[in-house]
Amino acid sequence: MSTPDVRSAGSSDVVDLLRAALGDRVDTDPAALDAARADKSGHAARGSALAVVHAESVGDVQETLRIASATATPVVTRGAGTGLAGGANAGEGEIALSVRRMNRILEVRPDDLVAIVEPGIINADLNAALAPHGLWWAPDPASRAISTVGGNIATGAGGLLCAKYGVVRDAVLGVDVVLADGRLLHLGRGTVKGVTGLDLTSLLIGSEGTLGVIVGATLKLRRRVPGEVRTLAATFARVGDAARASAAVTAAGIQPAVMELMDAAALGAVHDLLALPAPTPGASQLTVQTDGPAADEEARAIADVLRAAGGTVVVAADAAEGERLLAVRRSLHPAMERLGTTLIEDVCVPRSALPAMFDEIARIERERGLRIPTVAHAGDGNLHPNFIFHAAPGLDGVVEVPAEIWEAADALFRAALRLGGTLTGEHGVGVLKRRWLADELGEDQWRLQRDITAVFDPAGILNPGKVFPA
């Protein structure tokens, strides 16, 4: 279907064009528009989108972008809305393009360890469908039960298992992407190896909807390896001791599947949520899981390392007890929500710098009179400090993060950069971290990245104001 070239269309004209092309897949219900403004970060865009387009096919996405390009209307692509950086929030004058209904598994090739999927499929649903084939897709974000594969790719997600099995970037062979003008590109490959041309697939991963709309993905799968899973938890008197113990596990050459660290404030909040006995004051906890044929041997070796580092170790007697230990870690977000409004941060430092980063968080707490419960993927140095504050939404429904919280976050980011780290390990930049992007990249790389974005999207209609300032 051809799209008229309408360069000065008003809001109602844009909606009319969308309805003419896409019919009832164009949604202007106030509840749908309001839902498209926000994500799990608590941040909300100002104003309401013109419409939510519930795309059901690649053609729907192409038609939406042709209309948006012809009318110079901004487009924000959304999946399940589980992001934590405000990267998929659609506001005033924008089209919210939802790919959530594009949720099919198009092909599974067990012999090649490959699956081809649409972007709207839920991470956990994909793995449930792969299980009968003895396969799985390794990325394991905490939101895996509610987040989409397309969203995982757009943010470059990680998760609890990434220290051993890698992040999304390690598990995607190719993507199908619709550009701002409606052209469809097939990037990457279906083979394990391939170096033809520039690696545009990797460029799309983590691009947060600023380069194109991902409408399909060729995924690299893993075969489920027979063997046991062993889970253990170790408590330490101080969080620095726990951080040093996690570094000792890595230094010993042992690779656990999961190694998660909770500081005293985070651990206490979760115990309160789950009605568990209160932990020893000041105590932090490492939760570690091994898997595969060597799970028993590795668990024993890790327990020895943790005891030598001063930890009190409990080894789960069976899988059910192991899941209960992991449930403590997985309950962090609801525990934080009970404490107030949360700004969930996502810095990453070299694993050897993890103890120093916890020292920096303690310094920021002391100097600014704050409590910052923190959990870390200790296996890869990715920390999630939670800045808790109390603020009511404004008249437009937007919760403003207080200046003192942003000042503390600024100190956190600069500490991570001083330690050789990064602003975000897996959540993305979105709107919440864009002001610090040039501090990490440097002016020349920052400008180069903006120039690359303009090659894909010359009119600047794709997710404007996200990652880079508008």
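The values are calculated or read from the model by the stated rules, or taken from the named source; none is laboratory data. Remember, predicted model here, so these are calculated numbers, not experimental data. When we count neighbours, we look across all protein chains shown, and the Cβ atoms used for this are built from the backbone with ideal geometry, even at glycine.
Being in contact with a His (Cβ under 8 Å, 6 or more places away or on another chain) and more than 14 Å from residue 306 (Cβ to Cβ) is the filter here; which residues of segment 223-279 pass it? The answer is 277, 278, 279. Considering segment 103-116, and only residues there that are among the aliphatic types (A, V, I, L, M) and surrounded by fewer than 24 Cβ atoms within 10 Å (Cβ to Cβ), the residue that is farthest from residue 463 (Cα to Cα) turns out to be 113.
Of the residues making up segment 435-453, those that are modelled with pLDDT under 95 and either part of a strand (DSSP E or B) or in contact with a strand residue (DSSP E or B) (Cβ under 7 Å, 6 or more places away or on another chain) (or both) number 0. Regarding segment 183-198, can at least one residue be identified that is within 18 Å of the chain's Cα centre (by Cα), more than 22 Å from residue 70 (Cβ to Cβ) and not in a helix (DSSP H, G or I)? No, segment 183-198 has no match at all. Residues in segment 149-170 that are in a helix (DSSP H, G or I) and surrounded by fewer than 22 Cβ atoms within 10 Å (Cβ to Cβ): 164, 165, 169, 170.
In this structure, is residue 347 out of contact with any Phe, Trp or Tyr (no Cβ under 7 Å at 6 or more places or on another chain) and either more than 30 Å from residue 92 (Cα to Cα) or outside the structural domain of residue 269 (by TED's automatic domain parsing) (or both)? Break it down into steps so the answer makes sense when it comes.
Numbers: out of contact with any Phe, Trp or Tyr (no Cβ under 7 Å at 6 or more places or on another chain): no; either more than 30 Å from residue 92 (Cα to Cα) or outside the structural domain of residue 269 (by TED's automatic domain parsing) (or both): yes.
Considered against the rule, which asks whether it is out of contact with any Phe, Trp or Tyr (no Cβ under 7 Å at 6 or more places or on another chain) and either more than 30 Å from residue 92 (Cα to Cα) or outside the structural domain of residue 269 (by TED's automatic domain parsing) (or both), residue 347 comes out as no.
Can you work out which of the residues in segment 90-107 that are touching a strand residue (DSSP E or B) at 6+ places or on another chain (Cβ under 6 Å) and in contact (Cβ under 8 Å) with a residue 40 or more places away in the chain is nearest to residue 434 (Cα to Cα)? It would help to see each step written out before you state the result.
As a first pass, look at segment 90-107 and keep what is touching a strand residue (DSSP E or B) at 6+ places or on another chain (Cβ under 6 Å): 90, 94-98, 101, 105-107.
Now drop any that are not in contact (Cβ under 8 Å) with a residue 40 or more places away in the chain, which leaves 90, 94-98, 101, 106.
Working: 90: 17, 94: 20, 95: 22, 96: 21, 97: 22, 98: 23, 101: 30, 106: 35 Å.
Ranking the candidates gives 90 first.
Against the condition outside any helix (DSSP H, G or I), out of contact with any strand residue (DSSP E or B) (no Cβ under 7 Å at 6 or more places or on another chain) and on the phi > 0 side of the Ramachandran plot, how does residue 282 come out, does it pass? Considered against the rule, which asks whether it is outside any helix (DSSP H, G or I), out of contact with any strand residue (DSSP E or B) (no Cβ under 7 Å at 6 or more places or on another chain) and on the phi > 0 side of the Ramachandran plot, residue 282 comes out as yes.
For segment 12-52, give me each residue that is over 30 Å from residue 387 (Cβ atoms) and among the acidic types (Asp, Glu).
So the first thing to find is which residues in segment 12-52 are over 30 Å from residue 387 (Cβ atoms), and the list is 12-30, 32, 50-52.
Result: 13, 16, 24, 27, 29.
Checking each residue in segment 273-303 for being more than 25 Å from residue 139 (Cβ to Cβ), of a type outside the set (A, V, I, L, M, F, W, C) and more than 26 Å from the chain's Cα centre (by Cα) picks out 277, 279, 280, 281, 282, 296, 297, 300. Among the numbered conditions (1) surrounded by fewer than 22 Cβ atoms within 10 Å (Cβ to Cβ); (2) assigned to a strand (DSSP E or B), the only one that residue 287 does not meet is (1).
Taking the criterion of being in contact with a Lys or Arg (Cβ under 7 Å, 6 or more places away or on another chain) and within 18 Å of residue 350 (Cα to Cα), the residues of segment 407-436 that qualify are 423, 424. Selection within segment 334-381: residues that are of a type in the set (Asp, Glu) and within 18 Å of residue 421 (Cβ to Cβ). The member of this set that is surrounded by the fewest Cβ atoms within 10 Å (Cβ to Cβ) is 359. Is it fair to say residue 209 is crowded, with 24+ Cβ neighbours inside 10 Å, at pLDDT 95 or above and out of contact with any helix residue (DSSP H, G or I) (no Cβ under 9 Å at 6 or more places or on another chain)? When the stated conditions are applied, residue 209 does not pass them.
Report whether or not residue 268 is surrounded by 14 or more Cβ atoms within 10 Å (Cβ to Cβ), part of a loop (DSSP other than H, G, I, E, B) and modelled with pLDDT of 90 or more. Quick ask: steps written out before the conclusion?
Details: surrounded by 14 or more Cβ atoms within 10 Å (Cβ to Cβ): yes; part of a loop (DSSP other than H, G, I, E, B): no; modelled with pLDDT of 90 or more: yes.
For residue 268, the condition - surrounded by 14 or more Cβ atoms within 10 Å (Cβ to Cβ), part of a loop (DSSP other than H, G, I, E, B) and modelled with pLDDT of 90 or more - is not met.
Among the residues of segment 278-292, those that are in contact (Cβ under 8 Å) with a residue 60 or more places away in the chain and over 11 Å from residue 236 (Cα atoms) comprise 289, 290, 291, 292. When residue 429 is tested against the conditions (1) over 19 Å from the mean Cα position of the chain (by Cα); (2) of a type in the set (A, V, I, L, M); (3) within 30 Å of residue 48 (Cβ to Cβ), the lone failure is (1).
Any residue that is touching a helix residue (DSSP H, G or I) at 6+ places or on another chain (Cβ under 7 Å) and more than 30 Å from residue 222 (Cβ to Cβ) - is there at least one of those in segment 98-118? Within segment 98-118, not a single residue is touching a helix residue (DSSP H, G or I) at 6+ places or on another chain (Cβ under 7 Å) and more than 30 Å from residue 222 (Cβ to Cβ).
The number of residues in segment 145-172 being under 15 Å from residue 103 (Cβ atoms) and without any contact (Cβ under 8 Å) to a residue 40 or more places away in the chain comes to 2.
Apart from one condition, residue 74 fits all of (1) touching a Lys or Arg at 6+ places or on another chain (Cβ under 8 Å); (2) crowded, with 21+ Cβ neighbours inside 10 Å; the exception is (1).
Among the candidates 49, 21, 85, single out the residue that is outside any helix (DSSP H, G or I), touching a helix residue (DSSP H, G or I) at 6+ places or on another chain (Cβ under 8 Å), at pLDDT 95 or above and not assigned by TED's automatic domain parsing to the domain that holds residue 387.
49
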